[in-house]
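*Asks:* Submitted below is the structure of interest, expressed as structure tokens.
Only the coordinates and a few stated rules stand behind these numbers; no lab work does. What you are looking at is a predicted structure, and each value in this text was computed from that prediction instead of being measured. A quick note on method: Cβ atoms are made from the backbone with ideal geometry, for glycine too, and the neighbour counts reach across all protein chains shown.
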Amino acid sequence: MSFVTVLKKIFLIDLLEGLFVTFRHQHPDNLVTEQYPQERPVISDRFRGQPRLKKDANGKTLCTACGACALACPEKLIKVSSLRDPETKKKVLTEFDYDLGRCMFCGLCQEACSSNALELSPAYELALYSREGLELDRQQMEDGTPRKVYER
Amino acid sequence: MIKSFLGYLHSGVTPGEAGNLIWISIYVLLVFAGVSLGVMFMNWFERKIMAHMQVRMGPMRVGPHGLLQPIADALKLIIKEDLMPSNADKLVFWFAPVCVVMTAFCAFIVVPFGRTHAITDMNIGVVFMLGVSSLGVLGVIMAGWASNSHYSLMGSLRSGAQMVSYEVAMSMAVVSAVMMTSMATGTGTLSMIGIVQAQMQQHIWFVFSFFPVGLIALAVFAIAMVAETNRAPFDLPEAESELVAGFMTEYSGFRWSLFFLAEYTSMMAVSSIATTLWLGGWLRPFPNLLGGRNWDLAFSLVPGLTFAILALLCFLTFTRMPRIRAMRGDTAGLGGLACLLGILAVVLLLPGVRERVQDIFWFTSKVAFFMYFYVWGRTTFPRYRFDQLMTIGWKVLLPISIAVVILTALIGVRQDLFALVRR
Amino acid sequence: MSDNQFYESLDETKPGRTFLDSNELVLNMGPQHPSTHGVLRVILKLDGEKVNGIECVIGYLHRGIEKIAENRTWAGFGPFVDRLDYTAAVSNSLGYCLAVEKLLGVEVPKRAQYLRVILTELCRLASHQVWLGTHVLDIGAVTPLFYAFRDRETILGVFEKYCGARLTTHAFRIGGCRWDAYPGFAEEVLKVCDDLLPMIDEYRHLITGNRIWLQRTKNVGYISPEDCMSYSITGPVLRGSGIAWDLRKAQPYSSYEDFEFDIPTGTAGDTFDRYVVRVEEMRQSIRIIRQAVEGLPEGPIIARVPKVIKPPAGEVYVSTEAPKGELGYFMVSDGGPQPYRVRVRPPSFINLQALEKMAKGSLVADVVAIIGTLDIVLGEVDR
């Protein structure tokens with residue numbers, strides 16, 4: 001071992017270097033904690049969060065009740081009910097049941113949707129106190145859940 | 001009786017030396033309260049400093065910036081269920097934490113916060129402190145035995161072995177410091193107050209005397225005291241990720257908090273030894289180099305100004321609190337704290353008070369410096385394995401400390417000879 | 001040692017045996033433990049402090065993923081694959097997609113291959129950050145965990161912006177990638193690389209040069225190259241013992257042959273060398289990412305794949321270099337829309353065999369370090 005290495009070992013230089021690294025990190029600019037829920041994180045647009053059924057500008061649902069999402073879902077948790085409209089001969093959506101409890105937010109349903117109606121919106125605060133509220137019906141899918149404002 | 005009560009105030013000695021029972025009791029209560037407050041503060045301080053070094057914020061919710069967190073922790077521990085294993089040795093199980101806490105607090109009988117600010121001054125002060133700390137090892141072993149679990153027993157025996165091994169190196173370092181006390185007067189002293197007075201007479205803090213021997217002695221003592229108190233990087237016996245969770249495994253609730261209290265108290269006790277022996281105890285920096293009335297005045301203003309700055313920081317944070325209804329309590333508390341610190345700052349700036357109290361301030365700040373190093377070391381270093389730990393204690397620190405003793409003796413004798421010849 | 005023999009040797013009620021007879025202590029490092037990476041139960045036979053034997057009990061995280069595959073469509077099984085090695089979900093997805101594409105005989109466009117490489121190497125960085133943080137935490141240093149996870153946050157942010165999830169990414173589809181690079185992707189990825197490189201140098205000050213770290217990891221958990229080969233150990237464990245085998249160089253897939261990078265190799269086969277190998281791998285990953293981002297070609301991002309995927313009957317085995325080792329997928333197709341059998345070759349499961357070999361004869365405190373250096377994730381071991 002060279003002389004410098006021996007000196008470094010005696011004077012605990014490696015330990016002191018480690019101490020300085022941790023000391024430097026104390027600077028307030030380095031702190032990365034977000035005080036949730038006052039500071040909420042910035043979520044990207046592609047985030048796969050709460051599922052929503054979109055409506056067009058007139059308030060009519062965009063969903064054509066094709067059932068592609070129900071077929072694509074690996075967990076088979078979407079149930080689409082529809083009626084055949086006698087005039088236009090097209091399917092009209094009556095009920096849309098989505099079991100959020102079994103959903104793994106994979107996004108295959110929003111990929112399969114041909115009319116761009118079903119999307120997994122960036123809302124992520126979905127926690128509830130019991131399982132009953134997890135089976136979403138059509139109304140909840142269209143309205144979404146309001147965002148809570150927390151004071152502390 | 002009132003005369004003896006007031007008469008003590010004019011004596012220049014500690015109440016133990018004066019034999020004044022009432023003042024002894026008052027000082028005991030004050031030291032007990034102060035040390036307990038220090039432990040609570042250390043809890044908050046450690047969590048905050050560790051957090052900041054780990055780029056996060058630590059407790060922020062309970063009180064402003066988590067200042068009430070220790071109170072919340074204490075409450076939780078008190079109301080937690082106190083378990084006792086069914087096959088445990090009941091008497092020993094009950095007594096072990098009591099023993100550890102008693103010995104840790106007993107060490108504070110001789111700790112001098114100032115010339116008259118100690119409970120008493122024994123002429124064997126240092127040895128008393130080291131001896132009482134050693135009794136704490138007994139409590140640790142009792143705890144492991146009484147838990148009726150071979151993992152706890154293994155952990156406590158390891159912990160006991162570690163504490164005993166490092167005490168030897170600690171004592172050698174202490175011997176070298178004690179030898180330095182005899183340089184001016186020709187007779188050394190073991191009393192804590194006497195050691196600080198020797199530093200005062202020799203116009204030097206022992207850490208700088210016989211440079212670099214004093215520094216090496218302090219370094220040896222510092223490493224040994226970290227191992228003595230089972231703190232990182234020597235905390236294998238109480239580490240969470242190791243298999244043997246240590247002697248504290250079976251303890252919960254209040255009994256565990258007693259161990260926790262004892263650990264922090266013994267940390268402060270050994271830091272007090274280090275401060276008294278090497279860092280000049282209650283002496284302010286540069287009492288002779290920067291002497292004279294003006295410098296004395298300037299230094300005596302430092303405690304008051306420190307609290308004034310703290311009060312200012314509190315006040316600034318108070319003005320920046322969000323003005324929402326839910327945070328009324330926090331804001332009010334912070335404002336109250338700012339006022340309290342401000343009043344304390346003003347009191348400490350009064351001429352009558354500041355001369356008497358500045359000793360305590362300097363002593364406490366030096367001990368706080370060691371506490372910061374404890375936390376800093378815990379955050380930075382990985383843990384030593386037990387056999388490596390014992391190797392360091394016996395094969396590295398002990399030879400170095402013996403060498404330090406011999407060097408101190410040689411240099412001391414040489415200086416004495418020179419002084420003799422010159423006379 | 002078969003199950004029976006081991007458990008019988010622990011039986012204190014056998015005639016003639018008392019607890020005081022042997023010095024052997026049976027210690028159970030139970031499924032819940034702050035240091036084992038997941039729910040791994042390790043039964044140790046100790047002689048004082050020395051380890052005489054180790055038996056691992058796994059299965060606490062078994063979710064039947066391979067059985068689930070038989071009841072899902074080929075495309076529908078994609079999200080499940082992320083849950084295997086959940087610290088490095090993207091590389092699992094890559095392996096699966098490559099395997100199905102081989103069955104289908106589909107050629108993935110170049111742009112998709114480069115995107116896949118960028119994301120997989122980012123995922124390798126993220127996985128190594130988790131390994132680093134937890135490994136040093138086991139050894140006692142509490143801070144590098146937070147630094148590692150802070151750096152991992154930047155990478156997970158990229159994943160979130162790209163595919164919408166941080167951990168269970170479901171990043172790739174059969175035939176290519178679902179999404180193209182979002183606006184600002186190249187800049188953000190390069191910024192992640194630029195910010196990460198000085199952090200890797202900082203680990204040198206905080207960990208690599210630290211004498212306590214050296215004492216805890218040098219000569220701990222030694223495994224010879226021959227033993228590695230006979231246990232079929234792959235990944236950084238193999239490379240730490242001196243064998244320079246990396247599937248990205250030996251059997252290149254997904255355009256890895258276009259990039260220039262080194263394979264870090266250790267010499268001593270101990271914990272310290274494996275640590276150095278993984279840290280070096282992080283540097284090499286950054287190198288690959290930079291080359292891939294600069295050379296990102298234009299073009300389609302997904303090949304033409306039928307809506308319902310029905311690969312012709314046959315079987316295929318495709319392996320990739322996951323952060324933990326060689327991750328292989330053996331798939332059998334019977335021509336239908338659902339897989340007949342999916343068998344995953346998990347690197348952590350195979351590497352875990354080496355635990356007994358490495359830990360026998362060492363001290364109890366080293367067992368924790370050795371489990372950390374093997375870098376196991378129970379999601380993979382148990383599936």
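*Asks:* Just the number: Rg to Rh for the stretch B:277-423, Cα atoms, Kirkwood Rh, two decimals.
*Replies:* 1.17
*Asks:* In whole Å and largest first, what semi-axes does the C-alpha gyration tensor of the stretch B:296-349 yield when each eigenvalue is scaled by 5 and square-rooted?
*Replies:* 28, 9, 5
*Asks:* Treat every Asp and Glu Cβ in the stretch C:212-267 as -1 and every Lys and Arg Cβ as +1, leave all other atoms uncharged, and give the resulting dipole magnitude about the Cα centre to the nearest 20 debye.
*Replies:* In total the dipole reaches around 340 debye.
*Asks:* Right, next: Using only Cα positions of the stretch C:116-173, each an equal point scatterer, no hydration layer, compute I(q)/I(0) via Debye at q = 0.15, 0.25 Å⁻¹ and quote the log10 values to two decimals.
*Replies:* -0.45, -0.93
*Asks:* Can you tell me the alpha carbon radius of gyration of the protein assembly as shown divided by the globular rule-of-thumb value 2.2 N^0.38 Å?
*Replies:* 1.12
*Asks:* Evaluate peptide C:161-170: per residue, the Cβ atoms of other protein chains within 10 Å of its Cβ; return the mean as an integer.
*Replies:* What the average comes to for C:161-170 is 5.
*Asks:* Could you calculate the FRET efficiency of residue C:249 with residue A:126 from 1/(1 + (r/R0)^6), where r is the beta carbon distance between them and R0 is 35 Å, rounded to 0.05?
*Replies:* 0.20
*Asks:* Considering all alpha-carbon pairs of the stretch B:365-423, what whole percent are spaced by more than 15 angstrom?
*Replies:* 72 percent
*Asks:* So how far apart, in nm, are the two label points at residue A:44 and residue B:356 if each is 7 Å from Cα heading toward Cβ?
*Replies:* Taking the simple label geometry, residue A:44 and residue B:356 are separated by 6.7 nm.
*Asks:* Cα centroids of the stretch B:215-289 and the stretch B:175-193: how far apart, whole angstrom?
*Replies:* After rounding, the separation between the Cα centres reads 24 Å.
*Asks:* What residue among B:88, B:169, B:96 has the largest mean-square fluctuation in a Gaussian network model of chain B, using Cα springs under 10 Å?
*Replies:* B:88
*Asks:* Then there is this: Points 7 angstrom from Cα along the Cβ direction at residue B:75 and residue A:10: gap in nanometres?
*Replies:* Simple spin-label model gives 5.6 nm for this pair.
*Asks:* Continuing with the same structure: Please build a GNM for chain C, connecting alpha carbons under 10 Å apart, and tell me which residue among C:362, C:285, C:348 fluctuates the most.
*Replies:* Of C:362, C:285, C:348, the most mobile in the Gaussian network model is C:362.
*Asks:* Here's something else I'd like to know. Hey, could you grab the Kirkwood Rh for the stretch A:51-143? Inverse mean 1/r over distinct alpha carbon pairs, Å, one decimal.
*Replies:* 13.7 Å
*Asks:* Based solely on its DSSP helices, what 222 nm [θ] is calculated for chain C when runs of n ≥ 4 H residues each add -39,500 (n - 2.57) and the sum is averaged over all residues, nearest 500 deg cm²/dmol?
*Replies:* After summing the helix terms and dividing by the residues of chain C, the value is -14000 deg cm²/dmol.
*Asks:* A further question follows. Once the Cα atoms of the stretch C:59-166 are picked out, what are the Rg and Dmax in Å?
*Replies:* Looking at the stretch C:59-166, its Cα Rg and Dmax stand at 16.1, 50 Å.
*Asks:* Which whole-number value in Å³ per residue fits the convex hull of the alpha carbons of the stretch B:254-301?
*Replies:* Hull volume over Cα atoms, normalised by residue count, gives 71 Å³.
*Asks:* Okay, next question. Note down, for the stretch C:109-242, the three equivalent ellipsoid semi-axes (square root of 5 times each alpha carbon gyration tensor eigenvalue), biggest first, whole angstrom.
*Replies:* 31, 21, 12
*Asks:* Roughly how far apart, in whole Å, are the Cα centres of the stretch C:264-281 and the stretch B:335-385?
*Replies:* The distance from the Cα centre of the stretch C:264-281 to that of the stretch B:335-385 comes to 45 Å.
*Asks:* Using a simple spin-label model with points 7 Å from Cα along the Cα→Cβ vector, what separation in nm is obtained for residue B:56 and residue B:29?
*Replies:* Between residue B:56 and residue B:29, the simple spin-label model gives 4.2 nm.
*Asks:* Give a residue-ordered list of calculated ³J(HN,Hα) values for the stretch C:131-143 (Karplus: 6.51 cos²θ - 1.76 cosθ + 1.60, θ = phi - 60°; whole Hz; x for Gly, Pro).
*Replies:* Rounded to whole hertz, the list is 4, 4, x, 6, 5, 6, 5, 4, 7, x, 7, 8, 7.
*Asks:* Roughly speaking, what is the centre-to-centre gap between the stretch C:157-232 and the stretch A:78-141 when only Cα atoms are used, to the nearest Å?
*Replies:* 37 Å
*Asks:* Return the calculated 222 nm mean residue ellipticity for chain B, to the nearest 500 deg cm²/dmol, obtained by summing -39500 (n - 2.57) across DSSP H runs with n ≥ 4 and dividing by the residue count.
*Replies:* Mean residue ellipticity at 222 nm (helix-derived): -23000 deg cm²/dmol.
*Asks:* Could you work out the pair-distance distribution P(r) of chain B from its alpha-carbon pairs, with 20 angstrom bin width and percents rounded to whole numbers?
*Replies:* That works out to 23, 55, 21, 1, in percent per bin.
*Asks:* Here's another thing I want to ask about it. Averaged over its residues, how many other protein chain Cβ atoms are within 10 Å of peptide B:172-179's Cβ atoms?
*Replies:* Mean partner-chain Cβ count within 10 Å for B:172-179: 0.
*Asks:* Note down the relative contact order for chain B as a percent, whole number, built from C-alpha pairs under 8 angstrom at least six residues apart.
*Replies:* RCO, chain B: 21 percent.
*Asks:* Continuing with the same structure: Quote the Stokes-Einstein diffusion coefficient, in whole µm² s⁻¹, for the stretch C:65-382, based on the Kirkwood radius over alpha carbon pairs, a temperature of 37 °C and a viscosity of 0.692 mPa s.
*Replies:* 165 µm²/s
*Asks:* Taking chain A as a Gaussian network, where each spring joins two C-alpha atoms under 10 Å apart, which residue of A:130, A:115, A:81 fluctuates the most?
*Replies:* Between A:130, A:115, A:81, it is A:130 that shows the largest mean-square fluctuation.
*Asks:* Something else about it: Can you list residues from other chains, or at least 5 along the same chain, whose modelled amide H is less than 5 Å from the amide H of residue A:33?
*Replies:* B:57
*Asks:* Okay, next question. State the answer as a single residue: which of C:299, B:307, B:394 lies farthest towards the positive end of the charge dipole of the protein assembly as shown, with beta carbon charges of +1 for Lys and Arg and -1 for Asp and Glu, about the Cα centre.
*Replies:* Of the candidates, B:307 comes out farthest on the positive side.
*Asks:* Given the Cα atoms of the stretch C:205-277, and with Rh set as the inverse mean 1/r over their pairs in the Kirkwood sense, what is Rg to Rh to two decimals?
*Replies:* Rounded to two decimals, Rg over Rh is 1.06.
*Asks:* Residue by residue through C:202-212, how many Cβ atoms from other chains fall within 10 Å of the Cβ on average?
*Replies:* Per residue, the average neighbour count from other chains is 6.
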